[in-house]
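The values are calculated or read from the model by the stated rules, or taken from the named source; none is laboratory data. Everything quoted here is computed from the prediction, not taken from an experiment. Here the Cβ is made from the backbone with ideal geometry for all residues, glycine too, and neighbour counts use every protein chain on show. With ligands, DNA and RNA removed, areas are computed over all heavy atoms of the protein, side chains included. Shrake-Rupley method; radii C 1.70, N 1.55, O 1.52, S 1.80 Å.
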Amino acid sequence: MSGFAYSGVSNSEGGDSGSGNGAMAIASRFMPTAEGLKDSVLGAFSKAQPWGEFANTKQFNIPQASEVPDRLKENIPHYAFNYVIIFLVLSVFVVLTKPLSLVSVALVILGYYRLFVMAGEDPVKVGPLELDTNMKKGAVLSVGGVLLFWMTGAITGIMSLIGTVGLLGGVHALARKPASEPDFESGLTQG
């Protein structure tokens, strides 16, 4: 399980347990609860490697070409939650410097909710277009989202965020000796 607690419940016949709107009952099964989100965020912080180990400059060196694949295979999963935390912290800065990016992300999420959750498999009319397949709905949402992100300047914040975290994570994963590599100075492994 990914750490999300889902709020919806299904009966044994596969229908929704509520007597209200069917779309809302279906959507409630996929909406994470506040408790589930809190557990997921706290889980990421608890699974992260210690920051002293992560930033220990004595364990950094330029790898030989033959070491690169092994370092990437070992360091990326080992420090993945540290990279996620860096991404989340930098995301806060993006939102603070480009508040419209938060609005545009919210609008894309609402668009997804309207096109896929509320409508289900039913066709949806958007202006002169009738979106009768999920592929058409996805295409309209993707094009609309990219245009919205571009108009609000969110695309630059998102792309710089992805680029920065990717570059920092990649350089760290390449330069950091793997945790399983023995430390000959102390005779112990690093992990």
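Within the set Ala27, Ala44, the sole residue that is in a helix (DSSP H, G or I), modelled with pLDDT of 60 or more and open to solvent by less than 60 Å² (accessible area, probe 1.4 Å) turns out to be Ala44.
Cβ separations smaller than 6 Å between residues 6+ apart or across chains give the following pairs from the stretch 125-152 residues that are closer than 16 Å to Lys98 by Cα and part of a helix (DSSP H, G or I) to residues that are open to solvent by 90 Å² or more (accessible area, probe 1.4 Å) and modelled with pLDDT of 85 or more: Thr152/Leu100.
A quick yes/no check of all residues on (1) open to solvent by less than 60 Å² (accessible area, probe 1.4 Å); (2) out of contact with any Lys or Arg (no Cβ under 8 Å at 6 or more places or on another chain):
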{"residue": "Lys98", "(1), (2)": "no, yes"}
{"residue": "Ala106", "(1), (2)": "yes, yes"}
{"residue": "Val124", "(1), (2)": "yes, no"}
{"residue": "Asn134", "(1), (2)": "no, yes"}
{"residue": "Ala139", "(1), (2)": "yes, yes"}
{"residue": "Val146", "(1), (2)": "no, yes"}
{"residue": "Phe149", "(1), (2)": "yes, yes"}
{"residue": "Ala154", "(1), (2)": "yes, no"}
{"residue": "Ala173", "(1), (2)": "yes, no"}
